[in-house]
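The values are calculated or read from the model by the stated rules, or taken from the named source; none is laboratory data. These figures come from a predicted structure and were not determined experimentally. Neighbour counts are summed over all protein chains in view; Cβ atoms, including those assigned to glycine, are modelled from backbone coordinates with ideal geometry. Accessible surface areas use protein heavy atoms only, side chains included; no ligands, DNA or RNA. Shrake-Rupley method; radii C 1.70, N 1.55, O 1.52, S 1.80 Å.
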Amino acid sequence: MSHAVVASLLSALLFSPLLVTAQDTSTLQGFEAAFRRANASKDFRALEQLVWWAHTKPKAYEDMRGVLRQEFGRPIRRIDTAHFSWAHAIYPPRNPNLRPTHFFTVWSVTGRDRFGTQITGTFYTLGRKDRRFYFIVSDQWPIMTMHYERT
């Protein structure tokens, strides 16, 4: 075998665990990385795969797709995660299709104007199914809020 072939095989063996880990949504870090990747590559199908669609009513399905589309492709400023608590949920999910486990808030840049940079926060709820995290679909669609940052 040539030196180039051996080097290629070694690098494939060394980096393949990183690729598998990058696609893993069994951790919050893996879920966040998958969300960021889908958003950056503008791959809406990959984004939809992060949602648990089973047992979803048609209106809740359309609302969730609409919110995902509104946020889709915007530059992400930051993502915050926290353990879910019914007591701390301002707009808790109604009739969720998974048991809530975490809050997942995406802060993204929606534009700039004379007031500064518009930052929109979208507040999602996560649940777990088959040891993987997913966005929950409920009768209460994810809430969005907007504020300005001076630039």
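A few points about this structure:
- Looking across the range 73-110, the residues that are among the polar types (S, T, N, Q) and in contact with a strand residue (DSSP E or B) (Cβ under 7 Å, 6 or more places away or on another chain) come down to Thr81, Thr101, Thr105, Ser108, Thr110.
- Test for Thr120: is it modelled with pLDDT of 95 or more and open to solvent by less than 30 Å² (accessible area, probe 1.4 Å): no
- Any hit, the range 54-69, residues being under 15 Å from Leu126 (Cα atoms), open to solvent by 40 Å² or more (accessible area, probe 1.4 Å) and modelled with pLDDT of 95 or more: no
- Test: residue in the range 96-106 that is at pLDDT 95 or above and open to solvent by 50 Å² or more (accessible area, probe 1.4 Å): yes
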